């Protein structure tokens, strides 16, 4: 059978925006790259990270149950597959599920949350599975939307924020009310900025919710308990629904940092606050360490949400009919992995640790190199999968970009793509006096990261040393 | 390994609306059913139909590529899996795809369409993959929506129509403009009814699109070429965008009936019409014979659509990030199945034929029984997976329902569920003087259908013969 796999060169298709490759940036520039590397957004499998064996084995058996007889597969894989099949109507992944998800998986999620939060109660009835966290967020934002003019719903939104968020808010018909993160302090959350934002939007819209990501996307900041408390007190005082994007909860890699959920802190603040804040937390199969983006699943947990509103969450999810079943089952496998003593435990824990070590190593390695580049500064990331460096480009380059009708960072990114075949993400203005940032995903195989850094370094040094009249 | 499968009784969980089971309908009524059978909507795997082996084998290998080495799997399965893996970024189902779908699968769909339509050209750039046909329809309807009051978008909608359609149109913010199907003539399409509908909505909304399902859902009517031409001429004259739901295209089972696509007829009507009608056709993995509802995939093909509009289809699909990859690959496998000579061909064709024969046999069998019941009439279904019988209930029962504040058919359905554990779908008023219909999915294992018919018959006869004062 090896002949089937040999002789078929690994073809990697990568989506690249159509761009005209212009004249060489400087004499001697290299344009001969073998393939474009895209680190603009998080897609670890595309970049060559391997899937987690246990998840894939169980899903394969669920799809083709004759594999239950295959004794080369570990016993816990087959047992788990059988249990999951029994949780599906007609014991088939081909059946619809309730629009809120399979009861069995919702229960697994509740149990995972309770364990994660040191016993803070979680109930499956408050959990809704969706085709990705983005979809769940859209449903909730749509429910909060409404009003026109001064009464239009406003959502407090960090700057910088996840690159997909502004389009989502626009599509849902709500106004984004920006609050700046503290770029000079590792992108920490600053409640006085939130207060300023609320005051600033008076007469323009009515703030009804506060969106925050922790670990921060794309900043990599991880909030401590004190910071989370401050936000919760602010939300309680302002009566804002808290939309907490916790999709990178299992990717905290900063030294002495740990993930604490907003829900846990809220609970531990005592009953006065516990009843006072409506909170929705989001998690995702795509952004977690397992990075199963293509299977499309995520979930929300609603805390203190009005039952009437919960009913509408379900109703809106109904328009999707149901979340893809392989993704739902993968959520179950991610949140309830093999335990010590199970045949798959050794391999599984090794794969997970390798992945976390890779992320942590890569974040350090990239930070070190970025900080060596002239005109580049970068805060260390403590969590998530991005670095978010700041560019200080010479005036000549900024003017050149302006002449071409482009922002300086767009000019930089386009040239980087043309010259080196490296696609990096756009940053956002805000909190830093309007100077440009780049977004780089660092959850990659280490050898790919080296290639990324080498291309970036070589381009950057060439650009900074170039005779700008030739750019 | 058999021990794993033995001793684990097949548990079938079926979602049932919460209902208080009331007192027995009549003396001697049986209330001891083992499980509820739900034939209210199409979910063949839940009902016990088996998945198609080739599709499941290839997907299992794609999810766990070590199975490429498993020589107990047919060679064409492993080759196909390898080809599909190469079509995925990073050769993993865990990568995102473009929001419009994998280019390889879009190309397969275009080739399938061209073959189906005897060479009428189809281009992958006009095909958009989505998480089900319903999602694709929602995207297009949203693009057509807009306007307020008299200028609000109206969509001509058949009565009866798919049970999911009214909610979809409401959610998209368009007005449904009903046109009646000819209940007395096998639910044929009547263009004069469409003309009446257009006239009737003047001053209330602005009709911009015409929705039609062929084969008809839930009617089972299959349009012939002449009927399709009439609708196309009407759409051209009225400048309506045609939204053609062709999700049951591979489920035509009426004698001497065949599926002809709207696109093919339009093309063959000549260039005068070909340029004049904007048409969007929908197909689905869930409604096709393979019935892989849980994998969530479908697609639309846009014909003569403005490129600017196509761009927005892509943009709206972007909010879903991407369609689940297992579903996309299953579409490819469904539309490009094993060919004569391939190792899997024999089993595959046998499974597909068995399924089609089951559908055709069940539709006949159920029709025969329904027509024997007093007060029930039913048009034969020529395609799709439903029967749509008409109920003529005695005045006493209608009055009894009214006293309970219920429609007569809702009363009937509730009693049927309580007494016999059989859940059937609601019909819609319209075209039949407002008298009630039921919707029954007949794509079930024949033994399950027998159980369904036996419960229905026993309940119906009991009801019709009951002393109504005791109901």
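The values are calculated or read from the model by the stated rules, or taken from the named source; none is laboratory data. Bear in mind that the values here come from a model prediction, so they are computed numbers and not experimental data. Here the Cβ positions follow ideal geometry from the backbone for every residue, glycine too, while neighbour counts run over all protein chains shown.
Exactly one condition in (1) in contact with a strand residue (DSSP E or B) (Cβ under 7 Å, 6 or more places away or on another chain); (2) at pLDDT 95 or above; (3) within 7 Å of chain B (Cβ to nearest Cβ) is not met by residue A:59; state its number.
For residue A:59, the failing item is (1).
Restricting attention to segment B:122-134, report how many residues are touching a strand residue (DSSP E or B) at 6+ places or on another chain (Cβ under 8 Å) and part of a helix (DSSP H, G or I).
Total meeting the criteria: 3.
Working only within segment B:273-326, note down all residues that are on the phi > 0 side of the Ramachandran plot and touching a residue at least 60 places away in the same chain (Cβ under 8 Å). Let's see the steps before the verdict.
Of segment B:273-326, the ones on the phi > 0 side of the Ramachandran plot are B:291, B:296, B:304, B:321.
Correct list: B:291, B:296, B:321.
Check A:362, A:357 and return the single one that is away from chain B (no Cβ under 14 Å) and exposed (fewer than 15 other Cβ atoms within 10 Å of the Cβ). Before you say what the answer is, go through the steps one by one.
Values: A:362 fails: exposed (fewer than 15 other Cβ atoms within 10 Å of the Cβ).
On inspection, the qualifying residue turns out to be A:357.
Quick one: would you say residue A:300 is modelled with pLDDT of 95 or more, within 12 Å of chain B (Cβ to nearest Cβ) and buried (at least 20 other Cβ atoms within 10 Å of the Cβ)?
On the way: modelled with pLDDT of 95 or more: yes; within 12 Å of chain B (Cβ to nearest Cβ): no; buried (at least 20 other Cβ atoms within 10 Å of the Cβ): yes.
Criteria not met by residue A:300.
Evaluate segment B:163-176: report whether one residue or more is more than 14 Å from chain A (Cβ to nearest Cβ) and touching a residue at least 40 places away in the same chain (Cβ under 8 Å).
no
Tell me whether segment B:135-156 contains one or more residues that are under 18 Å from the mean Cα position of the chain (by Cα), away from chain A (no Cβ under 12 Å) and part of a strand (DSSP E or B).
no
Just wondering, is there one or more residues in segment A:249-259 that are modelled with pLDDT of 95 or more, in contact with a helix residue (DSSP H, G or I) (Cβ under 8 Å, 6 or more places away or on another chain) and not in a loop (DSSP other than H, G, I, E, B)?
Looking for residues that are modelled with pLDDT of 95 or more, in contact with a helix residue (DSSP H, G or I) (Cβ under 8 Å, 6 or more places away or on another chain) and not in a loop (DSSP other than H, G, I, E, B), one finds none in segment A:249-259, hence no.
Scanning segment A:62-72 for residues that are surrounded by fewer than 17 Cβ atoms within 10 Å (Cβ to Cβ) and more than 7 Å from every other protein chain (Cβ to nearest Cβ), which turns out farthest from residue B:60 (Cα to Cα)?
Initial filter on segment A:62-72 (surrounded by fewer than 17 Cβ atoms within 10 Å (Cβ to Cβ)): A:66, A:69, A:71-72.
Okay, now just the ones that are also more than 7 Å from every other protein chain (Cβ to nearest Cβ), so A:66, A:72.
Values: A:66: 11, A:72: 15 Å.
Among those residues, the one meeting the criterion is A:72.
Residue-by-condition table, conditions (1) buried (at least 24 other Cβ atoms within 10 Å of the Cβ); (2) within 20 Å of residue A:286 (Cβ to Cβ); (3) touching a helix residue (DSSP H, G or I) at 6+ places or on another chain (Cβ under 8 Å); (4) at the interface with another protein chain (Cβ under 7 Å from one of its Cβ atoms):
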position: B:74; (1), (2), (3), (4): no, no, yes, no
position: B:77; (1), (2), (3), (4): yes, no, yes, no
position: B:85; (1), (2), (3), (4): no, yes, yes, no
position: B:89; (1), (2), (3), (4): yes, yes, no, yes
position: B:114; (1), (2), (3), (4): no, no, no, no
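If you check A:342, A:320, which single one turns out to be in a loop (DSSP other than H, G, I, E, B), in contact with a helix residue (DSSP H, G or I) (Cβ under 7 Å, 6 or more places away or on another chain) and within 14 Å of chain B (Cβ to nearest Cβ)?
Values: A:342 fails: within 14 Å of chain B (Cβ to nearest Cβ).
Exactly one residue qualifies, and that residue is A:320.
Given the condition outside any helix (DSSP H, G or I) and either at pLDDT 95 or above or not assigned by TED's automatic domain parsing to the domain that holds residue A:462 (or both), answer yes or no: does some residue in segment A:355-363 qualify?
Quick first cut of segment A:355-363, residues outside any helix (DSSP H, G or I) only: none.
For segment A:355-363, residues outside any helix (DSSP H, G or I) and either at pLDDT 95 or above or not assigned by TED's automatic domain parsing to the domain that holds residue A:462 (or both): absent.
With respect to residue B:216, is the statement that it is more than 20 Å from residue B:304 (Cβ to Cβ), away from every other protein chain (no Cβ under 14 Å) and touching a residue at least 40 places away in the same chain (Cβ under 8 Å) true?
Numbers: more than 20 Å from residue B:304 (Cβ to Cβ): yes; away from every other protein chain (no Cβ under 14 Å): yes; touching a residue at least 40 places away in the same chain (Cβ under 8 Å): yes.
Yes; evaluated as a whole, the condition is true for this residue.
Determine, yes or no, whether residue A:106 is outside any loop (DSSP other than H, G, I, E, B), away from chain B (no Cβ under 11 Å) and out of contact with any strand residue (DSSP E or B) (no Cβ under 8 Å at 6 or more places or on another chain). Let's see the steps before the verdict.
Details: outside any loop (DSSP other than H, G, I, E, B): yes; away from chain B (no Cβ under 11 Å): yes; out of contact with any strand residue (DSSP E or B) (no Cβ under 8 Å at 6 or more places or on another chain): no.
So residue A:106 does not fit the description; no.
Quick one: in segment B:377-390, of everything that is surrounded by fewer than 20 Cβ atoms within 10 Å (Cβ to Cβ) and in contact (Cβ under 8 Å) with a residue 40 or more places away in the chain, which residue is farthest from residue B:449 (Cα to Cα)? Walk me through how you get there before you give the answer.
Step one: filter segment B:377-390 for residues surrounded by fewer than 20 Cβ atoms within 10 Å (Cβ to Cβ), giving B:377, B:380, B:390.
Checking which are in contact (Cβ under 8 Å) with a residue 40 or more places away in the chain leaves us with B:380, B:390.
Working: B:380: 17, B:390: 19 Å.
Selected residue: B:390.
Could you please find all residues in segment B:260-285 being under 18 Å from residue B:224 (Cα atoms) and under 15 Å from the mean Cα position of the chain (by Cα)?
B:281
Mind listing just one residue for me: the one in segment A:183-207 that is touching a helix residue (DSSP H, G or I) at 6+ places or on another chain (Cβ under 8 Å) and not in a helix (DSSP H, G or I) and, of those, nearest to residue A:385 (Cα to Cα)? If you could, list the steps in order and put the result at the bottom.
Restricting attention to segment A:183-207, the residues satisfying the condition of being touching a helix residue (DSSP H, G or I) at 6+ places or on another chain (Cβ under 8 Å) are A:188-189, A:191, A:194-195, A:198, A:203-207.
Pick out the ones that are also not in a helix (DSSP H, G or I) and you get A:188-189, A:203-207.
Values: A:188: 17, A:189: 19, A:203: 38, A:204: 35, A:205: 33, A:206: 33, A:207: 30 Å.
My answer is A:188.
Kindly evaluate residue B:459 against the criterion of being modelled with pLDDT under 95, outside the structural domain of residue B:251 (by TED's automatic domain parsing) and part of a helix (DSSP H, G or I). Break it down into steps so the answer makes sense when it comes.
On the way: modelled with pLDDT under 95: no; outside the structural domain of residue B:251 (by TED's automatic domain parsing): yes; part of a helix (DSSP H, G or I): yes.
In short, no.
Look through B:101, B:94, B:119 and report the one residue that is more than 7 Å from every other protein chain (Cβ to nearest Cβ), outside any helix (DSSP H, G or I) and surrounded by 19 or more Cβ atoms within 10 Å (Cβ to Cβ).
On the way: B:94 fails: more than 7 Å from every other protein chain (Cβ to nearest Cβ); B:119 fails: surrounded by 19 or more Cβ atoms within 10 Å (Cβ to Cβ).
Exactly one of B:101, B:94, B:119 is more than 7 Å from every other protein chain (Cβ to nearest Cβ), outside any helix (DSSP H, G or I) and surrounded by 19 or more Cβ atoms within 10 Å (Cβ to Cβ), namely B:101.
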